[in-house]
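The values are calculated or read from the model by the stated rules, or taken from the named source; none is laboratory data. Note that the coordinates shown come from a computational prediction; the quantities given were computed from them, not determined experimentally. Here Cβ is always computed from backbone atoms with ideal geometry, including for glycine, and neighbour counts include all displayed protein chains.
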Amino acid sequence: MKDTSSKKADLDGLVAGAVEAEADTDRHVMEEAVLATVARHGLEAADLWHGFNALTWSRKDFAAIADALWEGIVEGVKADAVLIRSKLKDARVEDAVLTGILDGSKVRDVSVAVAYVRRMEGQDRLVRAEAAGREYLAKVEKAKTEGGDVDAAVAGLLKDAFSLAKERKLVREYPVEAEDALDFLKVLDGRRADGRAWLGLDSGFKHLNEVLNGLTEGVFILAGAPSTGKTTLAKQVADAVAAVEKVPVLFWSFEQSKEELRIKSLSRLASVDSRAIWKGRTDADTWAKVEEAAEAYRRGPGRCLTIIEAGREDTLDRIRSVAVMAKHKAGDKPVLLVLDYLQRIPGAPDAPEDTRALVDWNITELRRLARDLKSPILVISSQNRESYKGNPKPSMAALKESGGIEYAADAVICLWRDKAESDRLTKDFGRLTVRVEAHILKNRNGELSRVKLDFTPAWSMFDEVGRDALGYNAALGE
């Protein structure tokens, strides 16, 4: 663990390195810069307003402006002079001060403003700690001068010290279950009264919903050998959640382009070969089907679905920021995150460089993110090559770099192609149809199971066929 001096050095380095010639960092300058940057970017930069509302401002007018800006963030409106003035109420803020905050002259790069917030948070904690220390020493001096029982004096000092720590917010206090779980029964009763067949979001697949209890809060790993349709299935689930649940769905694609993902949906909705759409080889009647599918896509999942062509900058820190803002704008509804795929997610600056360690790091961070968002995260993962040579039934050992995945994921789904059944279906239907079994190898919220799906690659479409139980030994590959 780093000591205080090294942490301060790290923070100083972040501030100094974010923007050249950023030298003047006294408290007033930092406060003005943070206020100005929040006014400019607050709604779009979740990292910036985390901790902003808890700062202790050195001036009353700065505190009043901060409160007004925070109200705007909560309401989801962009700051301007008229809005801020309307929220200042009786606070005395000179026009020149407010203009200086809003005219853009003090706006900093968001990374610098975030570092300022972190530095000021540290300063505030030091001030509170010093004040608590002075009061503690005053109690010690009183005990020395007045005498009395030593044990009683020490016990009183400890009691006062803990009271000071609590009052000064130096130590976090956790409630006991009798207090913390007071409304828990109401939550459970609310679920019962909801009338839904499952707790989580509707994946669009009845059997999958029944096995998983819907897409609940947590990390869902979707793995499989090449050509089993992992991305296609994930896109179909994303479309279903966006269309049915009408909650934000964020699809980060580190592999395929927006065009490829959109064509998958159009092909499925129109029952038209995706290759014909992509090549522009459709006649008038077929194109009319595609146009109708495009309108259905726009009016359905398109209203809530966002596709991000992800790159090196899309670390989990960036993903967290975007997801938090989407949840905030949706009125704190759950969101669905789809990440394609796990082994391509870049590491944050403080993440390990080793591939296996990075996968473990990212899966742990994803679990924390799912908990913070109270939302599901569907993550596509590759398998190691040895696991699909000869097409053996899937097991946990199939997961590539599987150390952290096996233990941290809430559910693990591995896709497997039944070659014999696929040949029969293809012959019967007169088109390539693949029987894919979704083996639920781990499931915190229910049973282990095998959901049978028919996959039509040309139409980018999965249809459910049925399900049956999957034994624990089968999940282990025994």
| task | Kindly indicate the residue of the stretch 212-255 that is part of a strand (DSSP E or B) and among the aromatic types (Phe, Trp, Tyr) and also nearest to residue 437 (Cα to Cα) among those meeting that condition. | result | 220
| note | Checked pairs for the stretch 51-62, first under 15 Å from residue 125 (Cα atoms), second outside any helix (DSSP H, G or I) and charged (D, E, K, R), C-beta under 9 Å and 6 or more apart or across chains, list as 54/169
| task | Please find, within the stretch 91-112, the residue that is surrounded by the fewest Cβ atoms within 10 Å (Cβ to Cβ) out of those that are of a type outside the set (Ser, Thr, Tyr) and over 16 Å from residue 65 (Cα atoms). | result | 109
| message | Against the definition (touching a helix residue (DSSP H, G or I) at 6+ places or on another chain (Cβ under 8 Å) and within 23 Å of residue 316 (Cβ to Cβ)), how does residue 218 come out, yes or no? | response | yes
| query | Only one residue in 347, 331 is assigned to a loop (DSSP other than H, G, I, E, B), over 13 Å from residue 248 (Cα atoms) and within 22 Å of the chain's Cα centre (by Cα), so which one is that? | reply | 347
| message | The conditions are (1) in contact with an Asp or Glu (Cβ under 9 Å, 6 or more places away or on another chain); (2) under 19 Å from residue 238 (Cβ atoms); (3) free of Cβ contacts under 8 Å to residues at least 60 places away in the same chain, and residue 360 fails exactly one of them. Which is it? | response | (2)
| said: Being part of a helix (DSSP H, G or I) and among the basic types (Lys, Arg): is that true of residue 312 here? | reply: no
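Here is a yes/no grid of residues against (1) out of contact with any helix residue (DSSP H, G or I) (no Cβ under 6 Å at 6 or more places or on another chain); (2) free of Cβ contacts under 8 Å to residues at least 12 places away in the same chain; (3) under 15 Å from residue 460 (Cβ atoms); (4) not assigned by TED's automatic domain parsing to the domain that holds residue 449:
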{"site": "227", "(1), (2), (3), (4)": "yes, no, yes, no"}
{"site": "238", "(1), (2), (3), (4)": "yes, no, yes, no"}
{"site": "261", "(1), (2), (3), (4)": "no, no, yes, no"}
{"site": "264", "(1), (2), (3), (4)": "no, no, yes, no"}
{"site": "299", "(1), (2), (3), (4)": "yes, yes, no, no"}
{"site": "303", "(1), (2), (3), (4)": "yes, no, no, no"}
| task | Could you identify the single residue in 397, 420, 409 that is among the small types (Gly, Ala, Ser), without any contact (Cβ under 8 Å) to a residue 12 or more places away in the chain and closer than 27 Å to residue 455 by Cβ? | result | 420
